[in-house]
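The values are calculated or read from the model by the stated rules, or taken from the named source; none is laboratory data. Note that the coordinates shown come from a computational prediction; the quantities given were computed from them, not determined experimentally. In this analysis, Cβ positions are derived from the backbone assuming ideal geometry, glycine residues included, and neighbour counts consider all displayed protein chains.
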Amino acid sequence: MCGIVGYVGFRNATPLIVDGLQRLEYRGYDSAGVAVINDGRIHIRRDVGKLSNLRGRLAADPIEGCIGIGHTRWATHGVPAERNAHPHISMDGDFVLVHNGIVENYLELRDELTAEGIKFKSDTDTEVIVQLIERFAKNGARGNLAEATRRAVQYLRGAHAIVVMSRLHPDELVAVRIGNAGGVAIGLGEGENFIASDIPAILEYTRRMIFLESRQMATVTAGTVRLQTLDGAAVKAVVHDVPWDPISAAKGEYKHFMQKEIFEQARSLTDTIGGRVDFDHDTIILPDLNLTPERAQSLNRLVTVACGTSYYSGLVGKFYIEQLARLNVEVDYGSEYRYRDPIIDEQTAILAITQSGETVDTLAAMEEAREKQALLWSIVNAVGSQAMRLADGYITMNAGPEIGVASTKAFTASIVDQYLLALYLGQLRGTLKPAQLRQAIQDIARLPDLVGRTLEMADQINDLAGRLYHYRDFLFLGRGINYPIALEGALKLKEISYIHAEGYPAGEMKHGPIALIDEDMPAVTIALKDALYDKMISQIEQAKARGGLVIALATEGDSFIRSKADHVLYVPDTPPLLSPVVAVIPLQLLAYTIAVRRGADVDQPRNLAKSVTVE
Ligand code: AGP
């Protein structure tokens, strides 16, 4: 995933841009660069590797100017090399741009431009864009950067986020968004304006932001922002006040963003619940869902679509919505749902769960549902994201910026959002007795405290990690509402420590996977004091009988399980429906501490991106 930062105003753009790119480091990259305009010329500095290399180049050969663009590149077309790093400049040196996305038809465009005499300097697909802009600036769009850009991008296939500037127009930046190549946020300052592919890059300067929709473009000067569609129609800008403060987007005293975000969960869940529960009147308030009782009562099915951790959250939410709102729930991967021509009618609601709000498979599933007239909801963390804007109604996670690639606080927030949604639907559909609703509200009010107490296990889990981090394979076993937590625990471990880990429904072990169990395959079992406890105990006994090492997640006060498992991690006694939120905490901590002991790059695991915006 690449990062983009742009600036136009009264400051020296160079350090502001590079610092902004630093805050996007979590997106992963292999080269970086910055361009500014000064004394009528475009000045560029680029380098491969980490931003420290670019900073070194700038220290040795500084550039400055009050307008600039910068980029961190994750190589797609063209190896990581200085010549392929962005920004890219046009042949005559009049235009320069940065770009996220893939020009799917770049080869034919490159051939066409080469035939016109354009000399390319890089192996990238991106360079064809800046050469096209220069071509249109010379033919027909002279003197108008936005018009030249608007005409050029009509020729591009694929998803794109582009910021371009020109020494012929040294006071304006033009930004374009087509499809889902990551977002384009425009930050509004006083006498200055900012552009970024992600909010944390510019959060310290402003929280007032405009988010480009697909097939929109913006002309940005120090004092103005003008939006239009790619057809040239003017668009009224919607300014969002992003509820994140700069501090929360920085690591603080933690070693990794993931560690910080795990420990933030007592507070972040307080924010998730805040403003949505009227404790005086035992009612749930979800105005952004835009849902009437009649429409809620007309529904006979909910389909949840999501990817990765968000998909596992949907599996937990199925229990809530079926039990509390008596609505049939189907949960599907976005990448599967979008291709199976699903049966949808006006009695179907589709719920997309996505932290980033930009996951291409989830967005595609939403578009599929939209075309079939389903009622579309989303649960998102990123304010202003595509998934938020595409939906008929939404519930924000309010978890604050989640920077670590491995999702933690957004996961627990999305579970709680579904609990609130289930109660809200139950209210509107009349499926909840007052006493039931009152009890559920009392339970959710206790959750932040229960999570805070669970986080106190960190040292014990760190010790346990010292005995486990050398294993090469793990099993995670759970049943019922905690089977999805077994899946999530396995995903956390594998995606940051690179250890093979598999989550499995415990009851399925006897149908094959139990053949895997031996002394080299630890089994992490979720055996809380619930209706399936006895079944889990027998599962633990079966694993022990085959020489397996068993780590049990147990309810505090359960002394019996000590005679069954090798290691016991006690969590507070939690209302069964909310136990997944508590049970996942030790698994997050276990994955984190094992990965740290293995020296893994916890916040930016290899091959992974925080938001998967390409297929
Ligand atoms: C979770 O730790 C992973 N980073 C990944 O599975 C993630 O949950 C998935 O890509 C979905 O992301 P989203 O919630 O932003 O749509």
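Annotations for the structure displayed:
- The number of residues in the stretch 65-84 being in a loop (DSSP other than H, G, I, E, B) and more than 22 Å from the chain's Cα centre (by Cα) comes to 7.
- Subset tally (residues that are among the charged types (D, E, K, R) and part of a helix (DSSP H, G or I)) for the stretch 114-150: 6
Here is a yes/no grid of residues against (1) within 14 Å of the ligand (Cβ to nearest atom); (2) in a helix (DSSP H, G or I); (3) in contact with a Gly (Cβ under 8 Å, 6 or more places away or on another chain); (4) over 22 Å from Thr359 (Cβ atoms):
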{"residue": "Ala266", "(1), (2), (3), (4)": "no, yes, yes, yes"}
{"residue": "Thr272", "(1), (2), (3), (4)": "no, yes, no, no"}
{"residue": "Gly275", "(1), (2), (3), (4)": "no, no, no, yes"}
{"residue": "Leu302", "(1), (2), (3), (4)": "no, no, no, no"}
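- One residue stands out among those in the stretch 500-513 that are modelled with pLDDT of 90 or more, in a helix (DSSP H, G or I) and out of contact with any Leu (no Cβ under 8 Å at 6 or more places or on another chain): the one that is farthest from Ile481 (Cα to Cα), which is His511.
- Test: residue in the stretch 473-488 that is over 30 Å from Asn300 (Cβ atoms), surrounded by fewer than 22 Cβ atoms within 10 Å (Cβ to Cβ) and out of contact with any Cys (no Cβ under 6 Å at 6 or more places or on another chain): yes
- Only one of the numbered conditions (1) farther than 20 Å from Met209 by Cα; (2) in contact with an Asp or Glu (Cβ under 9 Å, 6 or more places away or on another chain); (3) in a strand (DSSP E or B) is not met by Ile4, and that is (1).
- When we screen Ser378, Ser335, Ser356 for residues that are of a type in the set (S, T, N, Q), outside any strand (DSSP E or B) and crowded, with 21+ Cβ neighbours inside 10 Å, the only hit is Ser356.
- Single residue of Arg429, Arg479, Arg467, Arg446 found to be of a type in the set (D, E, K, R), in contact with an Asp or Glu (Cβ under 9 Å, 6 or more places away or on another chain) and more than 14 Å from the ligand (Cβ to nearest atom): Arg479
- Note on the stretch 151-206: among residues that are of a type in the set (Asp, Glu) and over 25 Å from the mean Cα position of the chain (by Cα), the one that is farthest from Leu109 (Cα to Cα) is Glu190.
- Residue within the stretch 388-408 that is away from the ligand (no atom under 11 Å from the Cβ), crowded, with 24+ Cβ neighbours inside 10 Å, of a type in the set (Val, Ile, Thr) and touching a residue at least 60 places away in the same chain (Cβ under 8 Å) present: yes
- Residue within the stretch 363-373 that is near the ligand (Cβ under 10 Å from one of its atoms) and not acidic (Asp, Glu) present: yes
- Residues within the stretch 338-353 that are near the ligand (Cβ under 10 Å from one of its atoms) and surrounded by fewer than 24 Cβ atoms within 10 Å (Cβ to Cβ), tallied: 0
- Sole residue being surrounded by 24 or more Cβ atoms within 10 Å (Cβ to Cβ), over 26 Å from the mean Cα position of the chain (by Cα) and of a type in the set (A, V, I, L, M), chosen from Ala422, Ala445, Ala440: Ala440
- In the stretch 287-295, the condition of being in contact (Cβ under 8 Å) with a residue 12 or more places away in the chain, assigned to a helix (DSSP H, G or I), away from the ligand (no atom under 16 Å from the Cβ) and within 22 Å of the chain's Cα centre (by Cα) is met by at least one residue.
- Checked against (1) in a helix (DSSP H, G or I); (2) without any contact (Cβ under 8 Å) to a residue 12 or more places away in the chain, Tyr254 meets all criteria but (1).
- Residue count for the stretch 374-387 under the criterion of being within 12 Å of the ligand (Cβ to nearest atom) and of a type outside the set (Val, Ile, Thr): the result is 6.
- Qualifying residue in the stretch 449-457 (condition: over 26 Å from Thr272 (Cβ atoms), in contact (Cβ under 8 Å) with a residue 24 or more places away in the chain and surrounded by fewer than 21 Cβ atoms within 10 Å (Cβ to Cβ)): no
- Residue in the stretch 548-561 that is out of contact with any helix residue (DSSP H, G or I) (no Cβ under 8 Å at 6 or more places or on another chain) and at pLDDT below 95 present: yes
- When Asp361, Asp341, Asp280 are checked against the criterion of being more than 30 Å from Ala445 (Cβ to Cβ), in a loop (DSSP other than H, G, I, E, B) and not aromatic (Phe, Trp, Tyr), a single residue qualifies: Asp341.
- Residues being over 18 Å from Arg135 (Cα atoms), touching a helix residue (DSSP H, G or I) at 6+ places or on another chain (Cβ under 8 Å) and charged (D, E, K, R) are represented in the stretch 66-76 by at least one member.
- Scan of the stretch 304-323 for residues that are over 15 Å from the mean Cα position of the chain (by Cα), crowded, with 24+ Cβ neighbours inside 10 Å, within 16 Å of the ligand (Cβ to nearest atom) and outside any strand (DSSP E or B), ordered by number: Gly314, Val316, Gly317
- All positions within the stretch 258-284 that are over 19 Å from Thr454 (Cα atoms) and in contact (Cβ under 8 Å) with a residue 40 or more places away in the chain: Gly274, Arg276, Val277, Phe279, Asp282, Thr283, Ile284
- Qualifying residue in the stretch 552-563 (condition: farther than 28 Å from Gln355 by Cα, surrounded by 20 or more Cβ atoms within 10 Å (Cβ to Cβ), of a type in the set (Gly, Ala, Ser) and touching a strand residue (DSSP E or B) at 6+ places or on another chain (Cβ under 7 Å)): yes
- Residues in the stretch 403-437 that are of a type outside the set (Ser, Thr, Tyr) and under 30 Å from Gln604 (Cα atoms): Ile403, Gly404, Val405, Ala406, Lys409, Ala410, Phe411, Ala413, Ile415, Val416, Asp417, Gln418.
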